[in-house]
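Comments concern the structure below.
The values are calculated or read from the model by the stated rules, or taken from the named source; none is laboratory data. For clarity, every value in this text was computed on a predicted model and none was experimentally measured. Here Cβ is always computed from backbone atoms with ideal geometry, including for glycine, and neighbour counts include all displayed protein chains.
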Amino acid sequence: MTKSGADHLNSLDDGRCVLIDGAQVPCVTTDPGFRNAARSVASLYDFQSAPENVERMTFAVPGTGRRVNRAWQLPTSYAELVQRREALVAWAELHHGFMGRSPDHVASTLGAMFMGQHIYAAHAGGRPNAVRDYYEYARDNDLYVTYVVIDPQGDRSKSTTQGANAGVAVAIVDEDSEGITIRGAKMLGTGAALSNELMVTTLRPLNPEDSHLAFTVVVPIGLKGLKLLSRRSYEQSATSEFDYPLSSRYDENDALIYFDDCKVPWERVFVHRDPIAQLAQWHETPAHSYQNYQSAIRLMVKLRFLLGLARRIAETNGTTAFPSVMQTLGELAADAAMIEAFVFGMEAKGQQYGPYFVPDRGLLYAAQVQAQRLYPRMVTAIRELAGGGLIMLPSSVADLVNPDIARLIWRTQHGAIGSGMDRVKLMKLAWDALGSEFGSRHLQYEMFYSGPRTTTAGMAHRTCNWSAAEAGVDAMLAGFDVPTL
């Protein structure tokens with residue numbers, strides 16, 4: 001028995017506190033700001049539970065035999081890593097890569113933390129038993145877990161504990177024999193309103209005096225005192241599926257999460273007051289690279305979609321034979337192929353991590369650096385291919401049901417291929433992907449989801465094999481000298 005879409009939708013009706021437009025949402029599965037995205041997530045589970053997909057998308061949990069998504073699978077070989085990737089690709093293709101915090105993302109994080117239990121055991125504040133037990137619980141129930149890892153920006157010229165920043169970031173404010181109490185805020189809770197549980201943690205290095213900030217916990221979204229302050233819902237703002245085909249389905253939403261004295265039991269605490277362990281869990285286990293490997297797979301699918309969009313726009317405009325357009329399409333194809341090559345390369349160059357087989361970190365971080373550069377370039381190039389066609393569109397689908405207005409539209413909206421309706425649908429889709437609030441959010445998301453450029457470049461710098469790179473230089477320098485006079 002695999003988790004179905006109905007199972008997931010039912011699990012979201014748990015009294016969670018989602019705040020938007022001045023009020024609390026009664027239930028995200030029926031609210032116009034969240035219901036379609038919730039159903040898009042549910043469709044992932046329906047896909048995996050379809051009889052023809054069960055073997056490809058799921059595996060049997062050892063001991064119970066229950067089948068859960070392959071995102072929870074811990075590959076022990078290259079072949080198993082590829083098998084898992086093929087399942088992640090199939091899921092990403094359902095939303096064309098536009099749901100960046102789909103359930104397979106943090107499942108990857110938790111799986112890699114499970115792989116690195118010994119790292120938790122090596123630190124005073126690490127709690128390996130909690131990591132093991134929670135991974136097994138989340139896996140066995142095929143939960144949708146997301147996370148918050150960033151403090152509110154505040155005054156970036158000061159530390160988290162200075163001035164007005166003090167007391168804003170979520171921190172441990174009390175503890176007893178039952179667990180810890182946390183208070184404060186985190187961002188960005190992408191997908192939190194649609195998920196079952198939330199990991200609360202920090203990615204950045206912390207100072208010894210910041211031990212009250214150095215913790216990792218996982219809590220139910222319906223936990224007492226947990227409040228989701230949602231940004232504007234692009235789904236709710238979408239006037240119709242025809243006008244906003246992506247916004248109306250795949251707006252996974254982002255939220256600032258406030259913890260109003262939330263009590264977390266010890267069995268859900270992975271790290272407790274230990275800045276060194278807090279950082280080690282990301283970079284001494286495969287957690288950081290493994291979760292971003294999932295992101296690279298999703299981006300590969302998304303870029304393939306954008307590439308198809310670019311080609312179809314050129315075909316519709318009748319410009320595919322123009323040398324400049326051929327050059328642009330060729331460059332976009334190379335950009336999309338670059339990320340695909342990185343995904344396949346990091347698998348082929350993968351290494352054993354104990355009994356597990358994990359993708360190569362160096363190629364993963366190189367891929368992130370390239371992705372941050374190429375996504376804005378791809379968006380700009382497709383805008384240039386489309387020109388004014390992205391703007392001069394019917395105001396809404398209502399225009400098409402008025403015969404007098406529709407007659408004028410079909411006289412003026414035509415292309416080199418397809419009907420006028422085909423052109424309007426294509427350009428509506430392209431605008432939603434590139435220029436709407438939803439599209440603009442995705443540009444910002446792809447530029448920063450893995451951190452600022454200094455961070456991603458720094459990771460590429462730290463994981464580069466500089467010795468191998470310089471070996472040839474040293475060999476060449478040793479091969480010649482100042483001639484003897």
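Within the stretch 1-114, considering only helices (runs of 4 or more DSSP H) that don't extend past its boundaries, which have at least 2 residues that are under 19 Å from ASP360 (Cα atoms) and among the hydrophobic types (A, V, I, L, M, F, W, C)? It would help to see each step written out before you state the result.
On the way: elements: 5-11, 35-49, 54-57, 78-95.
In the stretch 1-114, the matching helices (runs of 4 or more DSSP H) lie at 78-95.
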Note to self: Six or more apart or on different chains, Cβ atoms under 6 Å: show the pairs whose first residue is in the stretch 148-176 and part of a strand (DSSP E or B) and whose second is at pLDDT 70 or above and of a type in the set (Lys, Arg).
What the structure shows: VAL148/LYS186; VAL173/ARG183
Next item on the list: Examine the stretch 116-125 for a residue that is touching a Ser or Thr at 6+ places or on another chain (Cβ under 6 Å), assigned to a helix (DSSP H, G or I) and over 18 Å from VAL149 (Cα atoms), and state whether such a residue exists.
Entry: yes
Next item on the list: Enumerate the pairs (first residue in the stretch 190-210 and charged (D, E, K, R); second residue anywhere and at pLDDT below 95) with beta-carbon separation below 8 Å, excluding pairs fewer than 6 apart on the same chain, so at least 6 apart or on different chains.
Entry: GLU209/THR161; ASP210/THR160; ASP210/THR161
Next item on the list: Among the numbered conditions (1) buried (at least 20 other Cβ atoms within 10 Å of the Cβ); (2) closer than 23 Å to ALA457 by Cβ, tell me where TYR356 comes up short.
Entry: (2)
Check: Among all residue pairs at least 6 apart or on different chains, which show Cβ distances below 7 Å where the first residue, located in the stretch 418-445, is free of Cβ contacts under 8 Å to residues at least 24 places away in the same chain and the second is among the β-branched types (Val, Ile, Thr)?
Finding: GLY420/ILE409
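Can you tell me which residue is surrounded by the fewest Cβ atoms within 10 Å (Cβ to Cβ) among those in the stretch 196-215 that are closer than 19 Å to ASN292 by Cα and at pLDDT 95 or above? Walk me through it before giving the result.
First, pick out the residues of the stretch 196-215 that are closer than 19 Å to ASN292 by Cα: 198-205.
Retained after the next criterion (residues that are at pLDDT 95 or above): 198-201.
On the way: LEU198: 25, MET199: 21, VAL200: 24, THR201: 23.
Filtering the stretch 196-215 for residues that are closer than 19 Å to ASN292 by Cα and at pLDDT 95 or above, the one surrounded by the fewest Cβ atoms within 10 Å (Cβ to Cβ) comes out as MET199.
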Next item on the list: Taking only the stretch 250-266 into account, find how many residues are surrounded by fewer than 21 Cβ atoms within 10 Å (Cβ to Cβ) and in a helix (DSSP H, G or I).
Entry: 1
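Right, SER237: small (Gly, Ala, Ser), surrounded by fewer than 21 Cβ atoms within 10 Å (Cβ to Cβ), in the same structural domain as ARG101 (by TED's automatic domain parsing) and in contact (Cβ under 8 Å) with a residue 24 or more places away in the chain or not? I'd like the intermediate steps shown before the answer.
Numbers: small (Gly, Ala, Ser): yes; surrounded by fewer than 21 Cβ atoms within 10 Å (Cβ to Cβ): yes; in the same structural domain as ARG101 (by TED's automatic domain parsing): yes; in contact (Cβ under 8 Å) with a residue 24 or more places away in the chain: yes.
Taking the combined requirement at face value, the residue satisfies it.
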Notebook entry, point to check: So which of THR181, THR190, THR216 is part of a strand (DSSP E or B) and in contact with a Ser or Thr (Cβ under 9 Å, 6 or more places away or on another chain)?
Noted result: THR216
Checklist line | Filter result for the condition that a residue is within 25 Å of TYR356 (Cα to Cα), surrounded by fewer than 20 Cβ atoms within 10 Å (Cβ to Cβ) and touching a helix residue (DSSP H, G or I) at 6+ places or on another chain (Cβ under 7 Å), over ARG85, ARG66 | finding: ARG66
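Each row is one residue, and each column tells you yes or no for (1) at pLDDT below 95; (2) crowded, with 18+ Cβ neighbours inside 10 Å.
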residue	(1), (2)
GLN294	no, yes
GLY308	no, no
THR328	no, yes
ALA337	no, no
GLU347	no, yes
GLN368	yes, yes
